[in-house]
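> Can you keep this structure in mind? I'll have questions shortly.
The values are calculated or read from the model by the stated rules, or taken from the named source; none is laboratory data. Note that the coordinates shown come from a computational prediction; the quantities given were computed from them, not determined experimentally. In this analysis, Cβ positions are derived from the backbone assuming ideal geometry, glycine residues included, and neighbour counts consider all displayed protein chains. For the accessible areas, the whole protein counts, side chains as well, though only heavy atoms, and no ligand, DNA or RNA atoms are used. Shrake-Rupley method; radii C 1.70, N 1.55, O 1.52, S 1.80 Å.
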There are 2 protein chains.
Amino acid sequence: MKLHVSPDTFPPRGHEAKRLSIVDSAAAVFCREGFAGANIDLIAAEAGVSRQTIYNHHGDKEKLFVAVVRDLTERCNVGIFATIATFPDQPKDLEADLIGFAVRLNQNCICSRDGKFLRKLIQTEGERYPELFAEWREQGPGRTWPAIAARFARLAYGGYLAIEDPDVAARQFLGLVNAELQTTFMLGGSPREDEVVQSATNGVRTFLRAFGKRRSAVSVEKQTALAGA
Amino acid sequence: MKLHVSPDTFPPRGHEAKRLSIVDSAAAVFCREGFAGANIDLIAAEAGVSRQTIYNHHGDKEKLFVAVVRDLTERCNVGIFATIATFPDQPKDLEADLIGFAVRLNQNCICSRDGKFLRKLIQTEGERYPELFAEWREQGPGRTWPAIAARFARLAYGGYLAIEDPDVAARQFLGLVNAELQTTFMLGGSPREDEVVQSATNGVRTFLRAFGKRRSAVSVEKQTALAGA
DNA sequence: GACGAATTAGACAAGACTGTCTAAATTTGT
DNA sequence: ACAAATTTAGACAGTCTTGTCTAATTCGTC
């Protein structure tokens, strides 16, 4: 708004810090108590600010909620794309590398604080804010799934996997890798590290039993024929 | 309470019907609005009873909530075990039969009204009522998973599948079969029938690529045609 | 038709929460 | 150190909700 001197940070420095603190606390309280049960006074107390400051920053409860979801979606996307960047394009040990990727995806994106919060808000309030979560769907899954599928397609093109539909394979990969964590996710808990590794290991092994190439060298000509289909 | 004449139905006939109606409406409202946001007057209106009747039947809001979860858990269990009873123990066409089972499981248990409600209540309130949902965990997954795993074990013993750990295989089966429905589930929506069938078909095909026996199974030609592509 | 139990509508007190307002205190940039 | 902007604590009105109470009404059964 005010931009007479410093083009870097128009508002005072503590301002943005407080905004962050508010959104963080709000995310936690909205998740714990639900939108209706969330108490602005409690959010203020957890954020270490006064209630009035929350109203100064965000207007009202509903706008605060929207800000929380937007923030979480963006932060999660950053995490997911950072993790996708570690996808093993030229694996030395396909099984081990895919397990590693699956574990990173779980730990950094799905079981992270932001990931858990976003997931729960989607589950609990998704039906009440159709347009907001339609936006999430575009920005989130709409962008990340194609990115993951593209990596699997590349792996297939490189002769490491025999998959027909990379989109299906990508979703099945995640389904397998999280197969043993569903109950924990449902109750909102965080699985222990060894559970994540266990589930990922079992999932990747099954995935490779279905899509892995026996001990093939790179038979690119057959691959290209498949990739086009 | 009063049992002077008829040993069959002590309270009048309409009594139990109202109780049912209350629990049904309460389930819907608790799901839509969350526990804190659920309004007793609204539940009463949807159930077509007066607010006082709800208090007569259930005491207070929290007891009503517990009654809802117990009822839903029990009803869902009945549905799940009925569906498990249709598991193909001696399949003519393994792929088609497993797809059929997966679709039934989805339609009758996971996407049913009760299934959706119970899942959402677990997701939204699971952390607030640890002991209640610990009970659910025992009565629900604790009983149904072993039953499903036992069926897969039998299929393996019969020579139809090559699986090492039936528990892992059972969970992976469901993970695969629902792989393409996750986003819809997350937002609380119901997938269309054709989406369920599509996801089940893709899931079962991958499952059989991993665990199916090449030779001994009946529909080998269909397998190889599809899998070999 | 009559009796007893269940149900209903509505009023009600007590408490909780949102969002606004004000005046004082604190922080920030210069 | 000064001036502007921000933050704070607290009071406040208005609204909503739960759970209770009462008196009238309806329902099921004999």
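> Take the residues in the range A:161-183 that are at pLDDT 95 or above and among the β-branched types (Val, Ile, Thr); name whichever of them is farthest from B:Lys120 (Cα to Cα).
A:Ile163
> Can you name the condition, by its number, that B:Arg19 falls short on among (1) within 12 Å of DNA strand D (Cβ to nearest atom); (2) more than 19 Å from A:Glu125 (Cα to Cα)?
Of the numbered conditions (1) within 12 Å of DNA strand D (Cβ to nearest atom); (2) more than 19 Å from A:Glu125 (Cα to Cα), the odd one out for B:Arg19 is (1).
> Quick test of your reading of the structure: B:Ile163 fulfils all but one of (1) within 24 Å of A:Ala162 (Cβ to Cβ); (2) open to solvent by 40 Å² or more (accessible area, probe 1.4 Å); (3) not in a helix (DSSP H, G or I). Name the failing condition by number.
(2)
> Here's something else I'd like to know. Can you find, within the range A:65-95, the residue that is nearest to A:Val23 (Cα to Cα) among those that are buried (at least 16 other Cβ atoms within 10 Å of the Cβ) and of a type in the set (D, E, K, R)?
A:Asp71
> I've got another one for you. Inspect all residues belonging to the range A:112-135 and state whether any of them is more than 22 Å from B:Gly188 (Cβ to Cβ), within 20 Å of the chain's Cα centre (by Cα) and surrounded by fewer than 18 Cβ atoms within 10 Å (Cβ to Cβ).
Checked against the condition, which is being more than 22 Å from B:Gly188 (Cβ to Cβ), within 20 Å of the chain's Cα centre (by Cα) and surrounded by fewer than 18 Cβ atoms within 10 Å (Cβ to Cβ), the range A:112-135 yields at least one hit.
> Could you run through the range B:176-208 and say how many residues are at the interface with chain A (Cβ under 10 Å from one of its Cβ atoms), open to solvent by 50 Å² or more (accessible area, probe 1.4 Å) and in contact (Cβ under 8 Å) with a residue 60 or more places away in the chain?
The total comes to 1.
> Let me ask something additional. For the range B:49-59, does any single residue satisfy the condition of being farther than 16 Å from B:Leu118 by Cβ, more than 11 Å from DNA strand C (Cβ to nearest atom) and within 14 Å of chain A (Cβ to nearest Cβ)?
Taking every residue of the range B:49-59 in turn, none turns out to be farther than 16 Å from B:Leu118 by Cβ, more than 11 Å from DNA strand C (Cβ to nearest atom) and within 14 Å of chain A (Cβ to nearest Cβ).
> With the range A:9-64 as the region, which helices (runs of 4 or more DSSP H) entirely inside it contain at least 1 residues that are open to solvent by less than 80 Å² (accessible area, probe 1.4 Å) and of a type in the set (Ser, Thr, Tyr)?
A:13-37, A:51-58
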